[in-house]
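Below is one structure, written out as structure tokens, with a few remarks after it.
Values in this text are rule-based calculations from the coordinates and carry no lab data. Predicted model only: the values in this text are computed from it and were never measured. Backbone-built Cβ (ideal geometry, glycine too); neighbour counts: all protein chains shown.
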Amino acid sequence: AGKSKVDDEVLDNLEEVLVTSDVGVNTTLKVIERIEERVAKDKYLGTDELNQILREEIAGLLSETNSGEDTEFTIPEGKKPYVMMVVGVNGVGKTTTIGKLASQFKKQGLNVVLGAADTFRAAAIDQLQVWADRVDVPIVKQSMGSDPASVAFDTLKSAVASDADVVIIDTAGRLHNKVNLMNELTKVKRVMQKVVDDAPHDVLLVLDGSTGQNAFEQAKQFTAATEVTSLAVTKLDGTAKGGVVIGISDQFQIPVKYIGVGEGIDDLQVFNKYEFVDSFFK
Amino acid sequence: MFNNLSDKLDKALHVLKGHGSITEVNVAETLKEVRRALLDADVNFKIAKQFTNTVKEKALGQNVLTTLQPGQLMVKIVKDELTQLMGGDAEGINLSGTPSVILMSGLQGSGKTTFSGKLANYLKNKKTKKPLLVACDVYRPAAIDQLHVVGEQINVEVFSDRGNNDPVAIAQAGVAYAKANGFNVVIIDTAGRLAVDEAMMTEISNIHKAIQPQETLFVVDSMTGQDAVNTAKAFNDILNFDGVILTKLDGDTRGGAAISIKSVVNKPIKFIGTGEKMEAIDVFYPSRMADRILGM
Ligand SMILES: Nc1nc2c(ncn2[C@@H]2O[C@H](COP(=O)(O)OP(=O)(O)OP(=O)(O)O)[C@@H](O)[C@H]2O)c(=O)[nH]1
Ligand SMILES: Nc1nc2c(ncn2[C@@H]2O[C@H](COP(=O)(O)OP(=O)(O)OP(=O)(O)O)[C@@H](O)[C@H]2O)c(=O)[nH]1
Ligand SMILES: [K+]
Ligand SMILES: [Mg+2]
Ligand SMILES: [Mg+2]
């Protein structure tokens with residue numbers, strides 16, 4: 001009693017849980033194979049043990065790049081200003097995540113400057129302005145339709161002049177298959193380096209937690225255009241699980257840093273891979 | 001290695017064809033590939049399973065095993081079945097009211113505000129209507145400004161009430177304003193909301209009851225994964241919506257969510273969004289969508 005066989009039924013159930021969490025067939029099969037290998041010797045084990053193995057295996061896919069131990073919003077020492085550029089497809093939560101991050105950094109006593117380099121979407125600048133007012137940090141902006149690279153340039157100049165600690169540049173949402181828009185992003189990045197030669201220090205790709213397998217292509221194309229260095233997964237306060245990031249983190253070796261869990265200013269958390277995996281089974 | 005469903009089907013059917021005498025077992029093996037490809041296209045897990053069962057029955061019923069080119073017949077069965085699942089011919093919008101009231105609903109960032117503008121523009125230019133846009137998102141930063149910018153772009157008036165925090169009251173006032181001022185279509189933009197947010201779901205239900213729209217539309221991002229069924233079902237349970245709008249199809253997503261949503265709520269997909277600009281709207285064609293999901 002208390003022991004259950006890791007048979008086809010157990011593995012089928014596991015497959016269903018993972019696939020319905022958007023983990024994707026490839027990564028799911030990878031996880032299942034690893035579990036099959038581990039239980040090959042001891043075919044009978046309790047559900048608790050199976051869950052533990054599963055947790056370890058999935059966390060293993062994330063482990064190269066995620067310590068899973070950070071609980072604080074930190075920025076590395078020695079870069080001043082520390083420049084972040086936030087990218088992603090339309091409507092995923094870039095601007096909101098920037099507002100939340102600015103709030104976290106400000107709480108630590110850091111001087112934050114926001115750059116409104118989405119000059120395209122209707123009222124995008126107004127939206128970032130509302131966040132800047134909420135957090136009470138300065139924003140650098142130009143008029144709608146102006147060159148985003150020029151806004152980013154101005155923002156960095158201003159940040160350097162005011163001795164700011166952190167700069168966060170908002171960019172317009174763009175689908176990764178639009179070559180011109182992706183080139184524009186590369187240009188924004190390049191122009192920043194005229195002010196701070198190793199900027200941006202962090203390129204944060206925001207993924208919507210309800211997105212399915214297309215997120216792979218997003219990660220691929222944004223990485224090609226801007227060398228993405230970290231991921232944020234938003235909207236995990238809903239029923240979507242965001243499982244696609246496991247395969248993305250594994251394949252592209254990019255850490256997941258933050259998760260969005262609501263629309264409020266404090267609804268941002270540092271990513272914890274164990275809690276993330278556990279959420280699939282709730 | 002295989003980028004799309006048609007490649008995968010080709011491969012799977014190759015296996016099938018390779019056998020001198022094809023058995024039911026071979027078909028099952030092939031359908032496993034079909035199912036996997038559907039999952040890669042973000043078709044919901046359960047629905048992909050159901051779908052392959054149906055295809056299997058059809059395939060056996062049509063004696064796919066005895067035809068000279070079982071592969072071609074299988075592709076045809078799969079495509080026909082997908083097309084049928086996604087609905088018949090393109091369905092329009094019910095414009096019978098005076099004014100006709102259209103309510104938008106959906107998750108955060110799905111494209112409601114943008115689509116409200118596109119639809120207003122479409123009805124104005126293609127159906128010679130006089131639409132009014134109503135700004136009922138009182139939460140998202142600059143949501144009202146966004147709708148005003150959209151309205152200016154297409155030269156359509158926007159009704160808003162910045163001091164008012166009650167979306168139900170704003171919606172009602174908007175409809176009254178339309179009646180008094182000769183608008184014959186009213187498009188109500190609402191805040192994005194999660195299906196699990198009870199207060200927000202109650203709010204949209206209250207808007208719905210108060211204005212009794214001719215059309216309630218559920219706007220969904222075509223990149224959505226497995227969760228599409230949960231969300232569509234939850235919104236449908238509350239609103240019994242009339243149609244689905246699939247946005248951001250200018251991307252390269254396969255869009256399997258379209259099948260999942262259609263199977264679970266059985267409501268027509270009416271329009272698609274194909275870009276950020278106001279002209280980027282098209283009616284929905286099930287067979288084109290089937291091709292897309294199949295990568296054909
Ligand atoms: N529930 C929930 N909603 C979120 C979260 N993050 C962002 N949102 C909402 O998602 C919608 C889109 O967010 P934005 O920050 O405007 O997204 P964006 O990526 O900047 O969008 P574009 O600039 O148009 O590409 C807004 O309604 C946000 O309030 C989250 O973690 N949870
Ligand atoms: N490429 C593309 N972008 C789209 C499409 N429809 C909307 N968008 C973009 O998606 C983002 C979100 O669109 P919105 O109209 O603000 O979405 P929403 O549902 O009103 O968002 P909330 O009010 O925050 O819930 C914006 O950047 C839009 O420009 C589309 O069909 N294609
Ligand atoms: K969740
Ligand atoms: Mg934005
Ligand atoms: Mg909106």
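Table for the structure above
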{"item": "Distance histogram in 10 Å bins (all Cα pairs of chain B, percent per bin)", "result": "6, 28, 29, 18, 11, 6, 2, 0"}
{"item": "Dipole magnitude of region A:90-245 about its Cα centre (Cβ charges: Lys, Arg +1; Asp, Glu -1), debye to nearest 20", "result": "280 debye"}
{"item": "Compactness index (Cα Rg / 2.2 N^0.38 Å), region B:143-257", "result": "1.16"}
{"item": "Estimated Rh, chain A: Kirkwood, alpha-carbon pairs, angstrom", "result": "19.8 Å"}
{"item": "13 Å beta-carbon shell around residue A:170, net charge (K/R +1, D/E -1)", "result": "+3"}
{"item": "For region A:130-140, 3J(HN,Hα) per residue [Karplus equation, 6.51 cos²θ - 1.76 cosθ + 1.60, θ = phi - 60°, Hz, x = Gly/Pro]", "result": "4, 5, 4, 5, 4, 7, 6, 10, x, 10, 10"}
{"item": "Those lysines that a straight Cα-Cα span of less than 24 Å connects to residue A:194, excepting residues fewer than 8 apart in one chain", "result": "A:79, A:80, A:141, A:157"}
{"item": "Cα convex hull of region B:77-200 - mean projected area over all directions, nm²", "result": "9.5 nm²"}
{"item": "Nearest 10 degrees, 0 to 90: helix A:8-20 Cα axis against chain A principal axis", "result": "10 degrees"}
{"item": "Extreme residue, positive dipole direction of region B:113-209, given options B:141, B:115, B:170 (C-beta unit charges)", "result": "B:115"}
{"item": "Efficiency of FRET between residue B:238 and residue A:150 - r from beta-carbon atoms, R0 51 angstrom, step 0.05", "result": "0.65"}
{"item": "In Hz, Karplus ³J(HN,Hα) per residue of region B:287-296 (6.51, -1.76, 1.60; θ = phi - 60°; x = Gly, Pro)", "result": "6, 5, 5, 4, 4, 5, 4, 7, x, 9"}
{"item": "In degrees, nearest ten, helix B:45-61 long axis to first principal axis of chain B (Cα)", "result": "50 degrees"}
{"item": "Separation in nanometres of the label points that stand 7 Å from Cα toward Cβ, at residue A:279 and residue A:253", "result": "2.7 nm"}
{"item": "Residues whose placed amide H lies under 5 Å from that of residue B:269, excluding near-sequence neighbours", "result": "B:244"}
{"item": "Amide proton proximity set for residue A:111, modelled H, under 5 Å, gap of 5+", "result": "A:165, A:166"}
{"item": "Viscosity 1.306 mPa s, 10 °C: Kirkwood-radius Stokes-Einstein D of region A:165-282 over Cα pairs, µm²/s", "result": "105 µm²/s"}
{"item": "Relative pair counts by distance (%), Cα atoms of region A:221-282, 5 Å bins", "result": "4, 16, 28, 25, 15, 10, 2, 0"}
{"item": "Those aspartates and glutamates that a straight Cα-Cα span of less than 12 Å connects to residue B:49, excepting residues fewer than 8 apart in one chain", "result": "A:16, B:33"}
{"item": "Normalised convex hull volume, region B:97-136, alpha-carbon set, Å³ per residue", "result": "71 Å³"}
{"item": "Reciprocal mean inverse distance between Cα atoms of region B:218-264 - Kirkwood radius, Å", "result": "10.7 Å"}
{"item": "Isotropic mean projected area of the C-alpha convex hull, region A:174-228 (nm²)", "result": "3.8 nm²"}
{"item": "Rg ratio (alpha-carbon, reference 2.2 N^0.38 Å) - region A:107-177", "result": "1.09"}
{"item": "Helix A:94-107 vs. chain A, principal-axis angle (Cα, 0 to 90°, nearest 10)", "result": "80 degrees"}
{"item": "Kirkwood estimate for region B:208-291, i.e. one over the average of 1/r between Cα atoms, Å", "result": "13.2 Å"}
{"item": "Cβ-based exposure ranking for B:110, A:146, A:249, in which fewest neighbours within 10 Å come first", "result": "A:146, A:249, B:110"}
{"item": "³J(HN,Hα), Karplus 6.51/-1.76/1.60, whole Hz, each residue of region A:259-273, x for Gly, Pro", "result": "10, x, 10, x, 9, x, 5, 9, 8, 9, 10, 6, 4, 10, 5"}
{"item": "Interchain or long-range residues, amide H under 5 Å from residue A:211's placed H", "result": "B:225"}
{"item": "Counting all C-alpha pairs of the protein assembly as shown, share separated by more than 36 Å (%)", "result": "39 percent"}
{"item": "Alpha-carbon centroid distance for the pair region A:124-198 / region B:184-250, whole angstrom", "result": "33 Å"}
{"item": "Charged-residue dipole, Cβ positions (Lys, Arg, Asp, Glu), region B:60-180 about Cα centre, Debye nearest 20", "result": "300 debye"}
{"item": "Those aspartates and glutamates that a straight Cα-Cα span of less than 19 Å connects to residue B:209, excepting residues fewer than 8 apart in one chain", "result": "B:137, B:166, B:189, B:197, B:198, B:237, B:242"}
